[in-house]
Every structure is written in structure tokens, then in C-alpha cells.
Amino acid sequence: MTAPVYGIAPMLRPLLIAGPTASGKSALARRRAAEMPSVIVNADSMQVYDGLRVLSARPSREEETEFPHRLFGHVPAAERYSVGRWLDDVADVLAEAREAGLRPIVVGGTGLYFRALLDGIAPVPPIPAGIRAKWEARAEGGDAAELHRHLAERSAAEAARVRPTDRTRIVRALEVIDATGRTLPEWQAERAPPPLLAAGAVERIVIDPPRDVLHRRIDARFIGMIETGGVEEASALSRIGLDAGLPAMKAIGVRPLLAYLDGQISRDEAITRGQAETRQYAKRQVTWLRHQMADWPRS
């Protein structure tokens, strides 16, 4: 018999659904939510932002009324959201689900969220805005290999742990060293709070469709986004005057659509670029999931 987690009875044990963008995670979450009283909880770092319902492929308003949904669109686009904040927020959601007798169905494509949920998180102090902005600007102005060489100069051991093409992890490593004088592995070696959920007490699924199937879905979905408000979403973000370095402004599709709205490229070119960006993002997700979630059952 599976041990309870947060007092949740075994029959209501949490279900975790991970997978790349456009793999069908949300549809599976809704099908599973129909099996018993459930709450669908977001684990996607872009779907947390308000103003990105279409371009982040958040559930529609109609879908959100079918079952309770939490942590979708609850963060203003002008803010920076972190895995640490998500972990705090999801802890509250899990407690509410327990009290309400609902099964949590955690669904998304951000692997670090699932890792934090099951493994805990290193107690790294917040990174000052100025340091974060410095390294993001360096990332925008140079290539990942150059950043990786700089990381190797600061910490050869950490550079060996990070792929030279993984710009996001390289920047994270550099900003932590810059802000704290210590590397991420040094912080991670410290005792962290216990994980919110035990891996053995949850049901886990990774959706991993064939690449050609995934690419067809991605291409069709981006065209659907254009037809259902994606251009208007990008325009609304532009009118707010947000810093281009904010995560919401880096959402897939925002940049090519802004270039289209500025008259720099055609609508067709914006679609082509948006589709290509999405396929590249999905490739990174698939690689991460296959390496970091190799023991999760595949669907």
C-alpha cells in the first residue's frame, strides 16, 4: 500500500504528466481528471503568465471551467517568476487539494518544476536584478559557446556539467557564481528542505510522441494560435512596454510576431519562424526529459 503524501489517501495520489510542447499533455490531464474529483495544476514556466493564454497554449476559459485549474496565468507579465516561487505556490495548492479531497494532476513541460517537486530545491539566495540583467544581456549579444568558455574560466567543474549549447543553464550558473561567489553544485550540496512529494507515492507519465507527429502538431498549432488571437496577444504585450529581457517577452512566437507587427517580416515568415522556434524548444524539452526523467513511464 502506497504511503500517503500530505495526508492524501492512496486513491487520490498525485498524478504528474510531463512532456514537450504540443504533445497532448493538457488533453490527457482533462481525461484523467474526469476519472475522479481532481484539480489540474500547471507546471509550465510560460503558462504562469497573464496575457499569454494563446501563445503559451494555456487551457481555454471553457476548459478551465470543466475542472478546477490552478497556477495558470496567475503572474503578471511584468514579473520574473522562479522555480522557488512555483514550489511555494504549489505547496499551497497541494494542501488545498488535500483539504478538498481532490487529486492533484500536475501537468507541464518545465522539467525543473517537477525536479523541485520530487527532489527539493537548493537554497540559492535570490539573484540581484542587476546581475541577472548583465548575464541576460551577454547571452543576447553572444553565442552559447562563448558563455560556456567564460563559465569554464570561472569553474571548470561546473562547465563540465553543462552542455556548451545550453544557454539557459550556462547563464544560471554564471549569475549564481557572480552573485554568491559559489557554484550551483556547492549550493546544491547543502541540506535543502524535503521534497513536497515522494516519487514512490505519485503516478508519473512522460508523453513522448514520435518526432514527426510532434512536429506536425507544432506546425498546425502555431497556425491555430495566429488565427485565434496570437498576434493580438503579442501586440498587447508590446503596448505595455515590457523589458525585452523579461521571461514573458521571450515566450515562443512573441518575437517573430512583433517583427511582423513592426513590418520587418511578412505574416508567413512570422509563422515559419514561430514554428521553427517551437520545434527547437520541443527538441530541448525532449532531450531534457529523456536524460532527467529516464525512469518515468512513457506514453
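If a residue has to be of a type in the set (A, V, I, L, M, F, W, C) and buried (at least 23 other Cβ atoms within 10 Å of the Cβ) to count, how many in the range 23-33 make the cut? Spell out the reasoning first.
Applying the first criterion (of a type in the set (A, V, I, L, M, F, W, C)) to the range 23-33 yields 27-29, 33.
So of that shortlist, the ones also buried (at least 23 other Cβ atoms within 10 Å of the Cβ) come out as 29.
Total satisfying the criteria: 1.
Residues in the range 105-116: is at least one at negative phi, in a loop (DSSP other than H, G, I, E, B) and either touching a helix residue (DSSP H, G or I) at 6+ places or on another chain (Cβ under 7 Å) or touching a residue at least 60 places away in the same chain (Cβ under 8 Å) (or both)?
Scanning the range 105-116, I find at least one residue that is at negative phi, in a loop (DSSP other than H, G, I, E, B) and either touching a helix residue (DSSP H, G or I) at 6+ places or on another chain (Cβ under 7 Å) or touching a residue at least 60 places away in the same chain (Cβ under 8 Å) (or both), so the answer is yes.
Identify the residue in the range 84-104 that is surrounded by fewer than 16 Cβ atoms within 10 Å (Cβ to Cβ) and of a type outside the set (G, A, S) and, among all such residues, is farthest from E227 (Cα to Cα). Give the steps one after another, and end with the answer.
First, pick out the residues of the range 84-104 that are surrounded by fewer than 16 Cβ atoms within 10 Å (Cβ to Cβ): 84-85, 88, 91-92, 95-96, 99-101.
Adding the requirement that they be of a type outside the set (G, A, S) leaves 85, 88, 92, 96, 99.
Details: R85: 33, D88: 36, D92: 36, E96: 37, E99: 41 Å.
Ranking the candidates gives E99 first.
Just checking, which of R98, R80 is touching a helix residue (DSSP H, G or I) at 6+ places or on another chain (Cβ under 9 Å), in a helix (DSSP H, G or I) and either among the acidic types (D, E) or assigned by TED's automatic domain parsing to the domain that holds F222 (or both)? Working first, answer last.
Working: R80 fails: in a helix (DSSP H, G or I).
Step by step, each of R98, R80 is checked, and only R98 is touching a helix residue (DSSP H, G or I) at 6+ places or on another chain (Cβ under 9 Å), in a helix (DSSP H, G or I) and either among the acidic types (D, E) or assigned by TED's automatic domain parsing to the domain that holds F222 (or both).
Suppose we filter I121, I127, I131 for residues that are surrounded by 15 or more Cβ atoms within 10 Å (Cβ to Cβ) and outside any loop (DSSP other than H, G, I, E, B); which single one remains?
Result: I131 is the single residue among I121, I127, I131 that is surrounded by 15 or more Cβ atoms within 10 Å (Cβ to Cβ) and outside any loop (DSSP other than H, G, I, E, B).
So, in the range 196-220, how many residues would count as being surrounded by fewer than 17 Cβ atoms within 10 Å (Cβ to Cβ) and closer than 28 Å to K283 by Cβ?
Filtering the range 196-220 for residues surrounded by fewer than 17 Cβ atoms within 10 Å (Cβ to Cβ) gives 198-201, 203, 210-213, 216, 220.
Adding the requirement that they be closer than 28 Å to K283 by Cβ leaves 199, 203, 210-213, 216, 220.
Adding up the residues that qualify gives 8.
From the residues in the range 134-170 that are of a type in the set (V, I, T) and part of a helix (DSSP H, G or I), which one is farthest from K250 (Cα to Cα)?
Filtering the range 134-170 for residues of a type in the set (V, I, T) gives 162, 165, 168, 170.
Pick out the ones that are also part of a helix (DSSP H, G or I) and you get 168, 170.
Working: T168: 12, I170: 17 Å.
The extreme case among them is I170.
Criterion first (of a type in the set (A, V, I, L, M, F, W, C), crowded, with 19+ Cβ neighbours inside 10 Å, outside any loop (DSSP other than H, G, I, E, B) and at negative phi) does L16 satisfy it? First the steps, then the outcome.
Numbers: of a type in the set (A, V, I, L, M, F, W, C): yes; crowded, with 19+ Cβ neighbours inside 10 Å: yes; outside any loop (DSSP other than H, G, I, E, B): yes; at negative phi: yes.
Criteria met by L16.
Residue-wise test of (1) assigned by TED's automatic domain parsing to the domain that holds R53; (2) part of a helix (DSSP H, G or I); (3) under 24 Å from R298 (Cα atoms).
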site: R182; (1), (2), (3): no, no, no
site: I205; (1), (2), (3): yes, no, yes
site: D208; (1), (2), (3): yes, no, yes
site: A234; (1), (2), (3): yes, yes, no
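The values are calculated or read from the model by the stated rules, or taken from the named source; none is laboratory data. All values reported here derive from a predicted model rather than from experimental measurement. All Cβ positions, glycine included, derive from the backbone under ideal geometry; neighbour counts span all protein chains shown.
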